[in-house]
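Enquirer: Structure below; questions to follow.
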Amino acid sequence: MTGVDLDALLHLASGLAVEAGELIEEMRASLEGSTGQGLTGGDLETKSSVVDVVTPADKAAEKLIIDGLESARPDDAILGEEGSDRLGTTGVRWLVDPIDGTTNYVYDLPAYTVSVGAELDGVMVVGAVYEPKGNTLYAARLGGGATRNGQPIRCTGKADLETALIATGFGYLADRRQGQAEVLLEVIPAVRDIRRFGSAALDLCLVAAGQVDGYFERGLNPWDLAAGAIIASEAGASVGDLRGGPPSPDYTLAAPPPLFELLRDLLVGLDADQRP
Ligand code: LIP
């Protein structure tokens, strides 16, 4: 990983995440005004299902971020949720989710974020997640620890299931949600409680900050999890799938090491990554 200044990558990711967050907040008023019924009342574009919506703010925020990346680092690869997909020659690939938690954005609920992460030669090296409603920036670079608004953060040391507060999420397809709910039916009695915030990037940052003990979800896209995963791991959490690999669309699990194994064993026993 020689020759790439990770601090410079993190500075770029953080600046663009905050700028995009400010843009989507500015856009909210005009978008709501255009529909007259708030964003939920308008004819929003959909993707994988009728509940997988995309707004003009998603697209505008992704354009702002991509333009900024291309201006600063024109030879990097980029993958964005709203269609950006370009190859690069530097070994750096950016993974961009312009609004993670789009449903929350549409309903004006607080938990939505802008997520900008970068991998170098396939290894996540920086992550920036900005939560505009709370003006909160989570950030990390490989080997540099994790921060929230510039202050160091650490995951909890939770080592038991019974008192663990666990975040999770559900997909856009009904059969996927059915399988996730069946798993949750077995998890809920085993833990303190469940939280469903609606943004994977935020869930991972809350693990990093010790505001939940663990998080799991099946079916995330690479851009959902990229930045939050390194923020959680730099805050001391184990982050991976259920089979000894890195976090992936198959499964993403994040928790302090003792709890990670307990949750993994529980989820493997439920075939949580084998369901639809
Ligand atoms: C969201 C994820 C969340 C998941 C939602 C959705 P999006 O991403 O961050 O964890 O439960 O179903 O996939 O679509 O808002 O970028």
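Enquirer: To the nearest Å, what is the center-to-center distance of segment 77-133 and segment 216-276, using C-alpha atoms only?
Expert: If we compute the Cα centre of each part, the gap is 18 Å.
Enquirer: Could you compute the net charge surrounding residue 212? Neighbours are other residues with a C-beta less than 12 Å from the C-beta of residue 212; K and R count +1, D and E count -1. Present the calculation step by step, with values, prior to reporting the outcome.
Expert: Values: positive: 158, 192, 195, 196; negative: 193, 203, 213.
Overall, the nearby charge balance is +1.
Enquirer: Hey, another quick one. Output the peptides 252-258, 198-204, 119-125 sorted from most to least packed, where packing is the average of other Cβ atoms within 10 Å over each peptide's residues.
Expert: Put in order of decreasing packing, that is 198-204, 252-258, 119-125.
Enquirer: Right, another one. Roll a 1.4 angstrom probe over the protein heavy atoms and tell me the percent of accessible area of the chain that is carbon or sulfur.
Expert: Carbon plus sulfur share of accessible area: 51 percent.
Enquirer: Right, here's the next one. Using the Cα gyration tensor of segment 165-269, with a ≥ b ≥ c the square roots of its eigenvalues, what is the shape: rounded (a/c below 1.5), prolate (a/b larger than b/c) or oblate (neither)?
Expert: The shape class here is rounded.
Enquirer: I would also like to ask the following. Please list 3J(HN,Hα) in residue order for segment 103-119, calculated via the Karplus relation 6.51 cos²θ - 1.76 cosθ + 1.60 where θ = phi - 60°; whole Hz, with x for glycine and proline.
Expert: In residue order, the calculated couplings are 4, 5, 4, 4, 8, 6, 9, x, 8, 9, 9, 10, 10, 10, x, 9, 10 Hz.
Enquirer: Can you tell me how segment 196-243 classifies by the Cα gyration tensor, rounded, prolate or oblate, using a/c under 1.5 as the rounded cut?
Expert: Note, shape of segment 196-243 comes out rounded.
Enquirer: Could the peptides 207-220, 11-24, 143-156 be put in order, highest first, of the mean number of other beta-carbon atoms found within 10 Å of their residues?
Expert: 207-220, 11-24, 143-156
Enquirer: I need the peptides 182-189, 96-103 ranked by packing, meaning the mean over residues of other C-beta atoms within 10 angstrom, with the highest value on top.
Expert: Most protected by this proxy first, the peptides run 96-103, 182-189.
Enquirer: Still on this structure, I have one more. Mean residue ellipticity at 222 nm from the helices of the chain, using -39,500 (n - 2.57) per DSSP H segment of n ≥ 4 over the full residue count, to the nearest 500 deg cm²/dmol?
Expert: Theoretical 222 nm ellipticity from helices: -12000 deg cm²/dmol.
The values are calculated or read from the model by the stated rules, or taken from the named source; none is laboratory data. Quick caveat, the model's predicted, so the values are computed rather than measured. Cβ: placed from backbone, ideal geometry, glycine included. Neighbour counts: every protein chain shown. Ligands, DNA and RNA are excluded from the accessible area calculation, which covers all protein heavy atoms including side chains. Shrake-Rupley method; radii C 1.70, N 1.55, O 1.52, S 1.80 Å.
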